[in-house]
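The values are calculated or read from the model by the stated rules, or taken from the named source; none is laboratory data. Bear in mind that the values here come from a model prediction, so they are computed numbers and not experimental data. Glycine gets a Cβ as well: all are built from the backbone with ideal geometry, and neighbour counts include every protein chain shown. The accessibility values were calculated without ligands, DNA or RNA, using every heavy atom of the protein model including side chains. Shrake-Rupley method; radii C 1.70, N 1.55, O 1.52, S 1.80 Å.
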Amino acid sequence: MTHRERAVMALTLQQPDYVPTFELEYQLADKVFGKDFLTEEQLKGLSPKETEKAVKENAEYMVHVYSELGYSILPLHYLSEEHMKETARYINRMTNNEFLLTAHGDGTFAIPDGDGMLDFVYRIADDPDGVKEEARKMADSAIEHNKRLREAGIDSFILCSDYCFNNGPFLSPAMFEEFIQPYLAEIIAAIRADGAYAIKHTDGNIMPILDQLVECRPHALHSLDPMAGVDIKEVKARVGNQVALCGNVHCAHLQTGTDEEVLESCRYAMENGKPGGGYIFCTSNVPFRGMPVERYQMVLDFWRANRNY
């Protein structure tokens, strides 16, 4: 199977030849492969020809890195929309569409930062219609953005608005239904209508809004955050016949836990996510900058040894 076929089968609740893997981002490239991925900031001041060369070389580097890691889905980040589109075209030509390409594509409210939380609370209480008007504009903008990327060959979207703390969502389920769910559902419906795939990411305890998330019809839920008590076994039993699952390998253990804790988290995620298909093995966040590279290598080694159906 090609990597694309493997990813699509998992995202559509089927059982491929083996469990695919990917990460929302891979922030260890400089430590493992010698340099970071290109960012838009690095292109400032370059001539058009220099920019074209840099974007093409970065696309080649991405293919090299992600091929070595074994990813079936390639995340495209850190660049402007136009340069991501160019990157997608380079990669698809270079690999004959071997991989599923993905980019950020959310347009719903996320947990506000400390400076914005109080203002958001007041706005919901004092001007709910204004909040909904903003939600409408955000969703429309995301839909148009995703459509443009889809036309350039990006065929999946990571919806990365975080909704939940470790003890639950930042909005009550009733408020989530009013201010977020309808707009998330529209963004996902538009992705599906364009023949692409939607992976909904949120950290934290999603259990109080799990059914609402699934009702929005994403192809997959990502994170399944064990640090927030989300149990992949329970999620698989409840909704595994409706939505694919990605993640659940404990990121905190990768940073501060023992080797035994890392391997046990890998085992539990694979053992409970893998049966029957519809699962993509990955961490509960990303291999983040500063993580010991040998810890993430343990995750990949476990995956290679246990991925086959």
Checklist line | Long-range HN-HN contacts of residue 180 with modeled amide H, under 5 Å | finding: none
Notebook entry, point to check: With labels modelled as points extended 7 Å from the Cα through the Cβ direction, what inter-label distance (nm, one decimal) is found for residue 57 paired with residue 136?
Noted result: 4.8
Next item on the list: Under 14 Å from the Cβ of residue 119, count the other residues' Cβ atoms, weight Lys and Arg +1, Asp and Glu -1, and hand me the total.
Entry: -4
Checklist line | Calculated FRET value between residue 1 and residue 162, using beta carbons and R₀ = 30 Å, to 0.05 | finding: 0.40
Next item on the list: Give the accessible area for residue 160 in Å² (nearest 10); use a 1.4 Å probe, count only protein heavy atoms, and leave out ligands, DNA and RNA.
Entry: 40
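Of all accessible surface on the range 105-154 at a 1.4 Å probe, what whole percent is carbon and sulfur?
Its accessible area is 50 percent carbon and sulfur atoms.
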Notebook entry, point to check: If you place +1 on the Cβ of every Lys and Arg and -1 on the Cβ of every Asp and Glu, how big does the dipole about the Cα centre of the range 240-309 come out, in debye to the nearest 20?
Noted result: 300
Next item on the list: Send over the per residue convex hull volume for the range 64-212, Cα only, as a whole number of Å³.
Entry: 131
Next item on the list: Could you work out the per residue convex hull volume over the alpha carbons of the range 1-88, in cubic angstrom?
Entry: 103
Notebook entry, point to check: For the range 48-119, what are the per-bin percents of Cα-Cα distances with bins 5 Å wide, up to the bin holding the maximum?
Noted result: 3, 14, 23, 19, 12, 8, 8, 8, 4, 1
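In debye, nearest 20: dipole of the range 1-81 around its Cα centre with unit charges on the Cβ of K, R (+) and D, E (-)?
For the range 1-81, the charge dipole is close to 120 debye.
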Item checked: Kirkwood Rh and Cα Rg combined as Rg/Rh, the range 185-309 -> 0.98
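Using the Cα centre as the reference, give the magnitude of the dipole from point charges on the C-beta atoms of the range 186-246 (Lys, Arg: +1; Asp, Glu: -1; all else neutral), rounded to the nearest 20 debye. Could you put the intermediate results ahead of the total?
Values: 6 positive and 8 negative charges, 40 e Å.
So the magnitude is around 180 debye.
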Checklist line | Residue-normalised accessible area of the range 69-149, expressed per residue, 1.4 Å probe, Å² | finding: 47
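Residue 177 to residue 259: extension gain in nm, 0.36 nm per residue of separation minus the Cα-Cα distance?
Extending this stretch completely gives an extra 25.5 nm.
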Notebook entry, point to check: Which one is right for this structure if volume of the Cα convex hull per residue in Å³ is calculated from it: (i) 134; (ii) 149; (iii) 171?
Noted result: (i)
Check: Counting only heavy atoms of protein chains, what accessible area per residue, in Å², does the range 176-307 have with a probe of 1.4 Å?
Finding: 36
Next item on the list: Keeping the other protein chains in place, figure out the carbon and sulfur percent of the accessible area of the range 157-243, with a 1.4 Å probe.
Entry: 47
Next item on the list: Using only alpha carbons, build the gyration tensor for the range 166-233 and give me the equivalent ellipsoid semi-axes, biggest first, whole Å.
Entry: 21, 15, 8
